[in-house]
């Protein structure tokens, strides 16, 4: 395999990495996880043609860089993403439309081989399918898991609701109704349990005073450490 690399700068998107590759059959554009732009192209295609192609995609590149800067998840074939019961697989196919198949623990997103998986509309399609899957998982799993933990710790709950919100992982009302975010289905098991136990503690202690943290530590040892770990995950940037 023969390759050749070159770089140029284009405002307002910054450095562009051009890689000529003997295996390339057409110009491909990619915005990497660090926001840098890479172009893969056939050996015999002129660099000017690649530059012109990049210039025609400036608005799309800026949107991608903005999403990355905001911390939004960029789904790609080489990046592992799992929910509680499913794993995402992105597959290039010989068809005209983007489609999805869910079953046997797999969320399969079929993308036409002529299209780039980073295109905003494709990323939005993937995100929508994942949310649908997580909602189905959450409605089955979360109320059952909360009931199990409540019984184990002899805590009383009125109603349990599964919601899709961008501000918090869970909440507990004054009458002990508990809301749980369907995005708990993409957290590690121990953090999902921590959120549930956190809200269960609020059935007794309605604020975050010393009494709350004392109770939470009793039913969830290491709660302060888990709370800090949870802060590494963000609902509103998914």
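Would you list the strands (runs of 3 or more DSSP E) that sit entirely within the stretch 1-107 and hold 2 or more residues that are touching a residue at least 12 places away in the same chain (Cβ under 8 Å), within 16 Å of the chain's Cα centre (by Cα) and surrounded by 16 or more Cβ atoms within 10 Å (Cβ to Cβ)?
Values: elements: 3-10, 14-21, 28-31, 37-41, 87-93, 99-103.
The strands (runs of 3 or more DSSP E) meeting that bar are 87-93.
Would you point out which residue out of 162, 140, 195 is under 30 Å from residue 111 (Cβ atoms), surrounded by 17 or more Cβ atoms within 10 Å (Cβ to Cβ), without any contact (Cβ under 8 Å) to a residue 40 or more places away in the chain and not assigned by TED's automatic domain parsing to the domain that holds residue 64?
On the way: 140 fails: surrounded by 17 or more Cβ atoms within 10 Å (Cβ to Cβ); 195 fails: under 30 Å from residue 111 (Cβ atoms).
Exactly one residue qualifies, and that residue is 162.
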Considering (1) surrounded by fewer than 18 Cβ atoms within 10 Å (Cβ to Cβ); (2) more than 21 Å from residue 84 (Cβ to Cβ); (3) modelled with pLDDT of 95 or more, say which one residue 207 fails and leave the rest. (3)
Quick check: is even one residue across the stretch 114-135 assigned to a strand (DSSP E or B) and crowded, with 17+ Cβ neighbours inside 10 Å? no
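The values are calculated or read from the model by the stated rules, or taken from the named source; none is laboratory data. Source: prediction; values computed, not measured. Cβ sites come from the backbone with ideal geometry, for glycine too, and all protein chains shown count toward neighbours.
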